[in-house]
Every structure is written in structure tokens, then in C-alpha cells.
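What follows draws every value from the coordinates through simple rules; no lab data is involved. Values in this document were obtained by computation on a predicted structure and should not be read as measured data. Note that each Cβ is placed from the backbone with ideal geometry, even for glycine, and that neighbours are counted across all protein chains shown.
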Amino acid sequence: MNVTIVDYNSGNISSVINSFKEVAKDKVNIEVTSDLNKIKSSDKVVLPGQGSFKSCVDALYNISGLVDTLNEFAINIKKPLLGICVGLQMFADVGYEETETKGLGWISGKVSKIDNQNGKYKLPHIGWNQINIVKDSKIFNGINNNSHMYFVHSYEFVPDDKNVISATTDYSSNIVCSVEKENIFGTQFHPEKSDKTGLKIIDNFINL
Amino acid sequence: MLKNRIIPCLDVKNGRVVKGINFVDLQDAGDPVEQAKIYSDGGADEICFLDITASNENRETIYDVVEKTSKKCFVPLTVGGGVRSVDDINKLLNCGADKVSINTAAVQNPEVVIESSKKFGSQCIVVAIDAKRYEGGWEIFTHGGRNPTGINALEFASKMEKCGAGELLVTSMDKDGTQSGYDIELMKKISSSVNIPVIASGGVGTLDHLVDGIKSGASAVLAASIFHYGTYSVNEAKQYLASKDIPVRI
């Protein structure tokens with residue numbers, strides 16, 4: 001099996017690579033590439049993302065044909081795809097970080113700044129927070145409700161259809177932190193930095 | 001609910017841990033990779049490496065340490081010490097650091113903070129502030145606390161927030177190494193004047209000091225000696241905080 005981590009200059013992805021390689025050991029081949037043919041032929045795709053919504057979307061479009069290839073993979077062929085952090089946020093129709101930017105439009109909704117309640121809450125939301133699992137998601141197989149995950153973000157994905165939400169976390173408000181829509185999975189938290197429980201989520205995705 | 005973080009810090013010199021603990025099950029007490037792994041297995045919420053390598057020719061050693069550690073530890077890794085440029089930050093991130101802390105360069109050239117937070121995201125840019133009391137407040141120092149700057153710490157903290165820092169690592173130079181507790185007033189003043197998380201550092205000697213640090217408004221507490229010398233384990237520290245009704249990840 002081939003799992004491809006999309007390398008599209010979206011910032012620092014070494015931790016994502018390290019964690020997937022740790023879980024995959026020799027059983028699964030982990031590719032890190034932006035090669036369209038390799039992405040097309042892989043079994044699963046991981047879409048990481050750091051920095052701003054706009055910078056990540058811009059970086060995707062900077063690689064000619066990449067967005068079309070991802071659309072083909074996730075929407076037409078419907079193979080499993082995992083978005084992490086801004087990788088998840090880009091599923092939305094639109095994001096408002098820096099300036100209004102069109103997203104991939106895979107899961108309708110928007111990405112807006114977390115309400116810090118007039119400075120009562122610090123932003124970014126950094127650190128370990130518990131997840132409330134609200135839907136049976138395949139990537140949560142063996143993960144206890146209220147497990148701790150590592151977060152670092154200032155923007156949140158607000159999907160239109162609440163049925164796609166698989167977990168939320170409590171901060172200044174109830175924040176969507178995981179989604180599942182058919183073959184598309186996303187986590188706002190960083191499984192690659194969430195110690196053993198995070199690695200278990202990666203393992204679940206690899207074993208889908 | 002967001003938990004308060006406990007961050008053990010390891011001083012690394014020429015690729016080796018300085019002041020390392022002597023765990024019985026540790027094969028090499030000077031190996032930063034092994035020490036970091038012990039901390040992360042023990043429940044550390046993040047790991048911090050402070051590179052205190054003095055000579056330029058040995059500066060490359062930290063990259064190797066970071067690369068090896070990031071393949072073994074799956075909690076966030078912050079690396080600081082001697083970070084001068086956007087290029088240095090890029091190199092550390094590529095080796096597997098999740099955050100980079102910037103001290104002297106942030107004072108001398110705030111453009112480094114602006115540019116790097118735009119390029120890599122605020123989430124990985126930590127500005128380290130070394131502050132010392134004077135009559136009217138706190139002054140920041142650079143070069144590992146050697147050079148006074150005449151800059152007020154509170155003003156600098158706000159400026160760094162505007163430049164794009166994601167977190168502030170605040171060390172009291174008056175308290176550092178004394179084991180008499182954090183400079184609580186400093187932590188209170190800074191964390192209430194900025195909207196980004198503050199990591200309290202400098203002066204921890206007891207577990208109550210960690211409690212005081214969190215109560216001062218800091219989102220995370222950093223400590224070196226009490227963990228280095230095995231006075232307390234990270235887990236003991238967390239259990240103690242929990243017993244004082246401070247939310248921690250256990």
C-alpha cells in the first residue's frame with residue numbers, strides 16, 4: 001500500500017512525515033511528493049497544512065494541476081484522504097484568514113477566527129485539549145472519548161452540515177476538531193504531535 | 001478544556017546534554033535524544049532544547065540532535081539558542097522542530113519575527129524574553145542574558161505579539177538558577193498585557209512554584225533543574241498540579 005503525504009510547500013511537514021513513517025514501519029510505503037501521477041496512483045493521501053489558510057491555498061494552486069488531481073482523488077474516485085490542521089480547513093468553501101479566500105469546497109462551510117471573547121481567551125489555541133467524540137469515525141477506532149490531542153490554531157472550520165462533525169473540543173466555544181464525510185477525513189488537532197493516541201489515529205487511517 | 005502545559009527544558013551543548021540526570025535505565029545520560037524520550041514517555045506536554053553551544057563550528061550539532069529526537073518523540077519540540085535568521089529557523093523546522101524560539105535576533109532585528117511568522121506561521125514562532133528588574137519595571141537582555149538593551153519588557157512583549165509571535169517564553173533573570181520560584185509579578189504583568197500564550201521560566205525549585213506559575217496567568221510552565229536532577233518526575237509534577245485543581249493532561 002502507498003500513502004502519499006502531499007508536499008506542496010505548506011510549511012513544516014517533517015513531523016507529519018516522521019509520525020507516518022513511525023506507524024507505517026515497513027508494512028506501508030510512505031511517499032512525500034507533489035508528483036501528480038504518484039498522488040493519483042496512491043491508495044491514500046494526507047494533506048497537511050501550516051501557516052495561513054490563504055498561504056496554503058495559494059501553495060496548492062502554485063503546483064500546476066495539483067488541485068484537479070486532489071479533486072479527482074477525493075471527490076471522483078473517492079479514495080481516503082486525511083487533512084490535518086489547515087489541510088482540514090481547506091475542505092471548506094471559503095476562509096477568512098488574511099483575506100477572503102476560496103477553499104476546495106469539499107465540505108461546505110467556512111473557516112473563521114475563533115471568538116476569543118474580547119481577549120478572555122488566548123489565541124492561538126495552543127496545547128492539549130480533550131476531544132468530545134460525537135460520531136463514530138473510523139479514525140477514532142480504539143480512541144477513548146475525552147482523549148487529549150495537541151492543538152495549535154487561531155481559526156476554526158464551521159461546516160454547514162453538522163452531520164460531518166466527528167469530534168469537537170471546548171475552548172472559548174465548542175470548536176469542530178474532526179470531520180468525516182464519506183472518504184474524506186480531517187483533524188484540526190495534530191495527530192502527529194499527540195503522542196500515542198495521535199499515532200493510533202494515524203494507524204487507523206493507514207489501516208482503513 | 002485546554003490543559004496547562006509542563007515543558008521540561010534540556011540545555012544542549014555541542015550536541016550533548018549539560019547537567020543531565022543519571023537515570024539507572026539510561027544508557028547515556030548525555031544523549032539528548034534519550035533524555036527527551038524519557039520526558040515524553042513520562043508525560044511531558046512538550047520538549048524544549050536550549051542550544052548553548054558557544055562556538056560556531058559546533059553549531060551544526062543541534063540539527064542532528066533535533067532530527068534524531070523528532071523521529072523518536074511525538075510531542076511538540078521547541079528549539080532555541082543561537083537562532084539568528086529566517087534561514088536558521090527554516091533549517092530547524094526542516095530537521096523536525098515544531099517551534100523555534102528566538103531571543104537576540106528578535107530584539108536586534110524584529111523583521112526576523114515578522115518574516116518567519118508569515119512564512120512558517122505564528123504557531124512555530126516563540127519569542128524568548130530574558131527580563132531583569134530595575135526600579136521602573138523590567139529590562140530585557142540579549143545574548144543569553146549578557147547584554148542590557150534598555151528596552152522595557154512589557155513594551156517588547158506587546159511589540160512581539162504584533163510582529164506575529166505565537167507564544168512568549170518569559171524568563172526572569174533575577175530568578176533563574178535560584179530555585180526560589182518564578183517572578184510572579186513579571187508573569188502576571190506580561191500575560192495580562194498580551195493575548196498570546198505565555199510560558200513562564202526561570203526559578204523553579206518546588207512543585208508549588210509550578211502551581212504559582214500557572215496561577216500567574218501563564219499557559220505553560222517550563223523547568224529545567226527539578227527535572228534534570230530527578231528531584232521530581234514530570235508525572236509527579238502533573239499529579240501535584242492536578243491535586244491543586246489545575247487542569248493538566250494525565
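Just the number, please: percent antiparallel of the DSSP beta bridges in the protein assembly as shown, rounded to the nearest 5. Don't skip to the answer; put the middle values down first.
Values: 34 of 81 bridges.
Within the protein assembly as shown, antiparallel bridges account for around 40 percent of the total.
Beta-bridge orientation, the stretch A:2-206: approximately 60 percent antiparallel, per DSSP, counting only bridges with both partners inside.
Mean residue ellipticity at 222 nm, helices only, the protein assembly as shown: -8500 deg cm²/dmol; runs of at least 4 DSSP H residues each add -39,500 (n - 2.57), and the sum is divided by the number of residues. Suppose R0 equals 35 Å. What FRET efficiency, 1/(1 + (r/R0)^6) with r the Cβ-Cβ distance, do residue B:60 and residue A:98 give to the nearest 0.05? That gives a FRET efficiency of 0.50.
Partner shielding of B:120-127 amounts to 6, given as the average count of beta-carbon atoms from other chains within 10 Å of each residue beta-carbon.
Here the scattering of chain A is modelled by Debye summation over its C-alpha atoms, one equal scatterer each and no solvent; at q = 0.07, 0.15, 0.17 Å⁻¹ the log10 of I(q)/I(0) is -0.18, -0.88, -1.16.
Would you mind computing Rg(Cα) / (2.2 N^0.38 Å) for the stretch B:5-243, counting N as its residues? If you can, show how the numbers build up before the last one.
Working: Rg = 16.5 Å, N = 239, 2.2 N^0.38 = 17.6 Å.
After normalising by residue count via 2.2 N^0.38 Å, the value is 0.94.
Taking Cβ separations below 4.7 Å as the criterion for a possible disulfide partner, the isolated cysteines in chain B are B:73, B:95, B:124, B:163.
What the Cβ-Cβ distance of residue A:162 and residue A:2 gives, at R0 = 22 Å and to the nearest 0.05, is a FRET efficiency of 0.05. Here chain B carries DSSP beta bridges of which approximately 25% are antiparallel, counting only pairs with both residues inside.
Around the amide H of residue B:10, modelled in the peptide plane, lie the amide H atoms of B:48, B:49, B:50, all under 5 Å away and 5 or more residues distant in sequence or on another chain. Taking N as the residue count of the protein assembly as shown, its C-alpha radius of gyration divided by 2.2 N^0.38 Å amounts to 0.94.
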